[in-house]
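Read-outs: derived from the displayed coordinates by stated rules, not from any lab. Nothing here was measured: the structure is a model prediction, and the numbers come from that model. Here Cβ is always computed from backbone atoms with ideal geometry, including for glycine, and neighbour counts include all displayed protein chains.
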Amino acid sequence: MPVEELQSGRYRRIRLLGSGGMGEVYLMNDTRVNRLVAIKVLRAEVDPYPDSDVSKDAARLFQREARAIAALEHSNILPLYDFGEEKLEGNSITYMVMPFCPDGSLTDWLRQKRDPAASSSLSLRDVAYLITQAADALQYAHDHQMIHLDVKTSNFLLRTNQKNSNRPTLLLADFGVARSSTTTSSSSRTIRGTPTAMAPEHWSSKPVAASDQYSLAVMAYELLTGRPPFVGSMEQLMYQHFTAPPGPPSKLNPQLSPVVDQVLLRALAKKPEDRYPSITAFASALEEALLQSASPGQGNADSAASLSAAPTVFSSSAQAGTPPLSPDMVSALPTQEASQNRVSPDPVSSLPTMLEPSQSRLSQPSAHFTEHDAPTVASQQVASVGLSKSAQVVSPVPQTTAPQKPRSGARIFAIIGVIVLLALVATASVYGTRLYSDQQQANLALSHSQTATAQAQATKSVPTATPTPTPPPGLYIAGTYNGSMFNSTTNQTTFITVFIRQTQGSGILNGSVTFKTSSPTTRSLSGKVDKQGNFTFTVQQGQPPLVFYGSVQNSVYLHGNFCNSTTGTCDANTGYFTVGPRS
């Protein structure tokens with residue numbers, strides 16, 4: 001039943017602003033001062049048993065929220081105008097009266113900024129300004145022993161800044177799950193909050209002030225990259241908050257410097273003691289890092305020129321898939337241009353180096369020719385030796401040709417001819433025998449060489465039996481894993497089921513991956529795992545195939561990264577995945 005008025009007509013209904021599981025928020029007119037107010041109403045009629053524990057718990061939380069807001073007076077905290085209880089047609093109504101913020105929440109405002117038709121976009125300096133306001137409000141609450149425990153964009157309302165539309169005033173609202181830092185140890189074990197932004201100790205129902213710092217870091221991460229550090233189902237989010245390291249935000253937004261990564265990742269540390277000592281210390285460090293990223297080399301100067309040149313977040317170009325040019329890339333362009341236009345100090349000096357291979361090739365044939373002709377030269381030397389020996393045998397002939405008497409000259413010449421003929425025959429016989437012997441030795445050597453070559457070829461051609469390799473050992477991880485994968489390029493999350501088959505003791509993996517899209521598909525997988533639980537497997541999902549790699553977490557989860565690769569390895573990650581627990 002709608003509420004038409006409260007306090008005997010002082011607050012009159014104008015319209016319904018919103019509703020939830022336990023009540024509604026109405027826009028009403030405060031007739032006493034003639035101003036618009038937002039009234040949050042909790043009705044017992046939503047529970048069929050008004051005296052049940054659920055109804056009592058809701059009323060207790062509602063009253064605790066009212067007391068928390070009433071105790072906090074800060075320019076960035078939504079104030080409480082009034083609080084009361086009434087009976088309306090037999091139903092008990094508890095309500096809070098707060099200022100009406102026509103500009104809506106930070107979530108609504110950011111949605112407008114993401115619209116490509118928006119007249120302006122949000123710069124890194126603007127993000128720093130918003131986070132600083134949020135941190136100031138939360139620090140004030142911490143100083144008054146109050147932990148908010150539900151820090152997110154929808155719980156910050158806005159007041160428009162007429163001078164600069166990108167610098168609205170934030171108002172922290174909704175202390176419905178807030179706790180006193182002095183009583184958290186004895187509080188109920190019921191976990192309340194937003195899973196996307198809950199710190200690990202919050203999941204364990206042991207929140208501390210640093211839990212708000214963790215949640216604010218999640219909000220800053222989303223403002224700077226367009227997405228939170230962790231996504232998935234309730235179970236997957238809990239697992240990731242406890243065990244998975246968040247990815248550096250600069251991988252999603254190249255405008256961000258490594259210093260911004262360091263600041264955010266420290267505030268997102270798993271242990272509260274590893275974060276900044278206070279939430280304002282985190283905001284100050286982030287502001288300084290963002291100003292450096294926005295204006296490299298300009299320090300903290302906040303001139304109009306530097307603001308207009310600051311990189312923008314949630315711009316239309318980013319939404320279209322064209323990331324804006326980062327400051328580091330811009331500063332690198334002159335260096336690259338100079339290196340491309342630089343003239344070599346000695347352009348001609350490289351020419352001899354280029355010609356040296358040709359000169360070497362020209363000189364090689366003559367050397368090769370000399371080596372190739374060496375046996376021929378040696379054979380000529382052997383012929384000359386044989387000729388000299390022949391000359392030595394014939395040389396006595398002139399000494400025996402002294403003048404003789406005419407009557408005996410014919411006989412003498414006949415004897416000399418016979419002697420010369422015999423000498424020639426003997427020489428030819430000796431030389432022929434030597435040549436035959438050399439030829440026989442050459443043929444014998446050739447025969448041995450051919451035999452050895454044939455034996456070597458025969459040895460090579462004989463197949464040898466290769467023993468079958470033993471599969472490498474690996475951790476046993478067979479089973480079915482349900483989870484999701486996030487593509488950093490397309491900013492899309494796909495739910496998947498990984499089914500792994502494995503022989504006990506073997507590191508070889510087989511199985512399948514089912515991609516639960518509008519048209520589910522199942523693809524085979526093959527891979528391996530070592531004894532420490534480090535795994536890699538390939539899935540034939542398109543070309544090139546998907547390569548998943550990572551490690552086993554807590555014995556029942558698979559967590560890692562993936563990419564498209566034809567080599568079976570990833571030079572750059574496309575995204576990450578988490579599946580489990582194993583069933």
*Whole-Hz Karplus ³J(HN,Hα) for region 167-175, in order, using 6.51 cos²θ - 1.76 cosθ + 1.60 and θ = phi - 60°, x for Gly and Pro?*
10, x, 8, 8, 10, 6, 10, 6, 9
*Burial ranking of peptide ranges 262-272, 504-514 (average Cβ count within 10 Å, highest at the top)*: 262-272, 504-514
*What ³J(HN,Hα) values, in whole Hz, does the Karplus curve 6.51 cos²θ - 1.76 cosθ + 1.60 give for region 224-232 when θ = phi - 60°, with x put for Gly and Pro?*
8, 10, x, 7, x, x, 10, 9, x
*Using θ = phi - 60° and the Karplus relation 6.51 cos²θ - 1.76 cosθ + 1.60, list the HN-Hα couplings for region 155-164 in order, rounded to whole Hz, with x at every Gly or Pro.*
9, 10, 8, 10, 10, 5, 9, 5, 7, 8
*Measuring from centroid to centroid over Cα atoms, what is the spacing of region 487-529 and region 192-262 in Å?*
26 Å
*On the first, second and third principal axes, largest extent first, how far apart are the outermost C-alpha atoms of region 479-579 in Å?*
38, 28, 24
*Would you mind checking which residues have amide H under 5 Å from Gly247's amide H? H placed 1.01 Å from N; only 5 or more apart, or other chain.*
none
*Compute the FRET efficiency between Leu17 and Gln492 as 1/(1 + (r/R0)^6), taking r as their Cβ-Cβ distance and R0 = 35 Å, and round to the nearest 0.05.*
0.60
